[in-house]
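The values are calculated or read from the model by the stated rules, or taken from the named source; none is laboratory data. As the structure is a prediction and not an experimental result, all values here were calculated from the model. Here the Cβ positions follow ideal geometry from the backbone for every residue, glycine too, while neighbour counts run over all protein chains shown. With ligands, DNA and RNA removed, areas are computed over all heavy atoms of the protein, side chains included. Shrake-Rupley method; radii C 1.70, N 1.55, O 1.52, S 1.80 Å.
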Amino acid sequence: MKRLLVCIDGSQYGISCCRYAAWISKKIDLEIEVVYVTDLRQFEVPFVADLSGSLGIQPFQAVMGQLHELEEKKAELTLGQAVNLIESEGRPISVKKTHKTGFLIDSLRELEESADMILLGKRGENANFATEHLGSTMERVARAATKPCFVASREFKPIESVLISYDDAPSARKAVEFVKSSPMFVGVRIHLVTVSPNEREEERLKGLKEAEVSLREAGHSLICQMLHGDAAPSVIDYVKENQIDMLVMGAYGHTRIRRLIIGSSTTEMLRGCQLPTLLFR
């Protein structure tokens with residue numbers, strides 16, 4: 001991994017993203033691009049729209065100009081603070097600032113072309129409202145991205161233990177290969193866990209053993225476990241009981257129709273685990 005794309009806003013999650021980026025930069029020599037996207041929706045809320053009728057067109061245009069100017073200053077200040085935080089706590093080769101206007105998801109394909117990993121917060125500036133929900137931008141980016149997504153928790157904590165939630169799917173095998181080869185995980189305690197429905201236990205056990213051998217051959221010491229029950233609740237309980245610092249897993253592997261009917265285990269685990277999560281498609 002040579003380039004890390006860090007997506008921030010003015011929230012506590014943005015600060016956490018910067019601190020995780022700094023932590024990664026002490027493990028890996030890499031270039032970092034910090035991007036702040038001004039969300040156009042903030043200028044489309046009913047309050048702003050109503051101003052045009054109550055003020056008249058010319059005062060309304062003046063107010064909108066001031067709002068845009070304030071947003072420009074906020075973006076500049078937020079990006080400057082992000083760069084200072086990453087450089088003071090980490091050891092990046094370089095840090096680049098990028099400010100875009102629009103929607104992050106629309107800029108994603110262009111931004112991720114030169115990046116090897118995307119780092120963004122689990123939630124954003126509206127995190128104090130509807131606290132059980134994930135950020136809609138985070139979910140859309142994680143579903144659309146072609147690169148691994150590091151989803152930061154609200155508070156930064158150095159990563160000393162990692163759980164790989166393994167189901168032997170192609171995305172889970174990608175996750176194992178990344179952990180196996182990345183300097184990010186040198187010296188980190190690894191828990192390799194699979195959750196098996198009874199009718200597929202033999203198949204799951206075989207895949208788990210292959211992943212275990214691969215990680216051990218790379219020099220990792222690990223705890224290997226097979227759990228039984230529903231995947232998301234079993235992993236969430238294991239995370240809490242073993243004080244895991246980070247979750248690594250494949251993401252959004254089922255069809256849209258299946259997700260509509262029974263939901264997404266990825267979403268359930270992101271909601272239930274209050275820790276950073278590295279997602280692979």
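Some points to look at:
- Identification of helices (runs of 4 or more DSSP H) wholly contained in region 209-281 with 3 or more residues that are open to solvent by 30 Å² or more (accessible area, probe 1.4 Å) and at pLDDT 90 or above yields 231-241.
- Count of region 137-155 residues which are more than 8 Å from LYS122 (Cα to Cα) and part of a helix (DSSP H, G or I): 7
- Of the criteria (1) under 16 Å from HIS99 (Cβ atoms); (2) modelled with pLDDT of 60 or more, which one GLN42 fails: (2)
- Selection of region 189-211 for residues being closer than 26 Å to GLN243 by Cβ, without any contact (Cβ under 8 Å) to a residue 40 or more places away in the chain and touching a helix residue (DSSP H, G or I) at 6+ places or on another chain (Cβ under 9 Å) yields ILE190, LEU192, THR194, SER196.
- The set of residues in region 98-109 being open to solvent by 30 Å² or more (accessible area, probe 1.4 Å) and over 19 Å from the mean Cα position of the chain (by Cα) consists of HIS99, LYS100, THR101.
- Tabulated pairs, region 73-93, first in a helix (DSSP H, G or I), second of a type in the set (A, V, I, L, M) and open to solvent by 20 Å² or more (accessible area, probe 1.4 Å), C-beta under 9 angstrom, 6+ apart or interchain: ALA75/VAL37; GLN81/ILE15; ALA82/ILE15; ALA82/VAL95; VAL83/VAL95; LEU85/ILE15; ILE86/VAL95; GLU87/VAL95
- Taking region 69-83 as the range and being open to solvent by 100 Å² or more (accessible area, probe 1.4 Å) and not acidic (Asp, Glu) as the test, the residues that pass are LEU70, LYS73, LEU77, GLN81.
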